[in-house]
Amino acid sequence: MSISKPPRSFFKPLAIGAPAPFRELPTRVERMIHFVPPHIEKVRAKSGDIAKQADVVLANLEDAIPSDAKEAARAGALDMAENIDFSSTGTGFWARVNCLNSPWFLDDVTELVTKAGNKLDVIMLPKVEGPWDIHYADQLIAQLEAKASIKRPIMLHAILETAEGVQNVEQICLASPRMHGISLGPADLAASRAMKTTRVGGGHPFYKVIEDPRSDDAPRAAAQQDLWHYTVSKMVDACCTAGIKPFYGPFADIADVEACEQQFRNAFLMGCAGTWSLHPKQIDIAKRVFSPDVDEVLFAKKILAAMPDGTGVHMIDGKMQDDATWKQAKVMVDLARQVAEKDPDLASAYEF
Ligand SMILES: CC(=O)SCCNC(=O)CCNC(=O)[C@H](O)C(C)(C)COP(=O)(O)OP(=O)(O)OC[C@H]1O[C@@H](n2cnc3c(N)ncnc32)[C@H](O)[C@@H]1OP(=O)(O)O
Ligand SMILES: CC(=O)C(=O)O
Ligand SMILES: [Mg+2]
């Protein structure tokens, strides 16, 4: 017997007075979630400017914040909520709270929801292992939303960063209508799986395929493979099944902008909606990569124009098009339209 909720109960608020969860995700361009360490006053002071460039600004309270600065980071996050104008640029405001078994989680969530709940779009929950973690956070947030008379539901975004979480990713995505999406957490995940790498995201020179031995004994060609391909694929399928958004996560080799761009691009091509930026220079990389390519969009527009009702078969520039490629084209053009609303240069390049 199934133990899932009956369909009619799924969208009911979990506390009397809490807002009803969204039936559909709000349509938002979220090409990058920019991480700010809120306890550092100098960096926090810049986050108003960052909010004009990034699609999402996130106050990070978890890893990378020293244990003796956790309260300061929380206070910094509340300060950001109060003093930065996110709404006029349509920028999302998120916070990554400490994990559920930490001494800080309860105060993080309580203070964020009750003091800044009407400003906060998404709470990012680290180290989620199964749907039970989502159920607990979901109920607690509903109680706090009700207590503080929050008008819009705060969404939940889980980080996929333990082997158990990857094993349970489908149930995590389906656990609650409060779910917004999932991000890959390659550092904790590597540790959890005992992967032998000290890198945060990206490839590894030892993870490669080499060609067969050559008759001339010349060095054999080799190509690095993507360590994260399986996990990203699994995450994308789980998110899309649940109607929520998959994201790549951090790329910590800040100086290696080329490898960062390639890792982001692989994730974009595989279906991710966005990524994280840890440093201001990763914002532009993410913007470039997660905005659809102009030539691809112009080609996709030709497909839509040639097949107004989305059926049949057509040849365009020597390539066969049918109902399936019409859907591929629609994905591209729909995203381009959303990006165009934020970016007038791209709007004109896409010829909208
Ligand atoms: C595995 C995980 O959990 S990943 C998520 C957790 N990690 C994070 O959130 C890290 C966030 N990023 C950072 O803390 C920093 O970018 C670091 C530590 C990676 C690098 O910091 P620095 O060495 O100071 O970078 P750098 O010197 O290049 O900074 C250039 C400027 O950008 C500013 N800056 C750096 N990072 C950020 C940021 N995330 N947001 C806003 N401004 C920033 C710096 O303050 C500096 O400003 P200044 O020129 O006025 O002095
Ligand atoms: C993203 C993150 O938290 C990690 O890679 O561990
Ligand atoms: Mg982590």
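The values are calculated or read from the model by the stated rules, or taken from the named source; none is laboratory data. Please read all numbers here as calculations on a predicted model, not as lab measurements. No Cβ is skipped: glycine too gets one built from the backbone with ideal geometry, and neighbour counts run over all protein chains shown. Each accessible area value is taken on the protein alone, full model and side chains, heavy atoms only, with ligands, DNA and RNA left out. Shrake-Rupley method; radii C 1.70, N 1.55, O 1.52, S 1.80 Å.
Values computed for the structure shown
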item: Complete set of residues in region 162-173 that are assigned to a loop (DSSP other than H, G, I, E, B) and either more than 14 Å from ligand 3 (Cβ to nearest atom) or in contact (Cβ under 8 Å) with a residue 40 or more places away in the chain (or both); result: Asn168
item: Residue in region 94-109 that is surrounded by the most Cβ atoms within 10 Å (Cβ to Cβ), counting only those that are touching a residue at least 40 places away in the same chain (Cβ under 8 Å) and within 20 Å of the chain's Cα centre (by Cα); result: Arg96
item: Unmet criterion (only one of (1) within 17 Å of the chain's Cα centre (by Cα); (2) open to solvent by 40 Å² or more (accessible area, probe 1.4 Å); (3) more than 16 Å from ligand 2 (Cβ to nearest atom)) for Lys147; result: (1)
item: Among the candidates Gly130, Gly117, Gly165, residue that is more than 16 Å from ligand 1 (Cβ to nearest atom), open to solvent by less than 20 Å² (accessible area, probe 1.4 Å) and in contact with a Gly (Cβ under 9 Å, 6 or more places away or on another chain); result: Gly130
item: Enumeration of residues in region 191-203 that are more than 10 Å from ligand 3 (Cβ to nearest atom) and among the hydrophobic types (A, V, I, L, M, F, W, C); result: Ala194, Met195
item: Pairs, first more than 29 Å from Gln338 (Cα to Cα) in region 4-30, second in a loop (DSSP other than H, G, I, E, B) and open to solvent by 40 Å² or more (accessible area, probe 1.4 Å), C-beta under 6 Å, six or more apart; result: Pro13/Ala20
item: Pairs, first without any contact (Cβ under 8 Å) to a residue 12 or more places away in the chain and of a type in the set (Phe, Trp, Tyr) in region 326-351, second surrounded by 17 or more Cβ atoms within 10 Å (Cβ to Cβ) and assigned to a helix (DSSP H, G or I), C-beta under 9 Å, six or more apart; result: none
item: Checking Leu112 against (1) of a type outside the set (Lys, Arg); (2) surrounded by fewer than 23 Cβ atoms within 10 Å (Cβ to Cβ); (3) assigned to a helix (DSSP H, G or I), the condition it does not meet; result: (2)
item: Of residues in region 293-337 being open to solvent by 60 Å² or more (accessible area, probe 1.4 Å) and of a type in the set (S, T, N, Q), the one nearest to Thr89 (Cα to Cα); result: Gln328
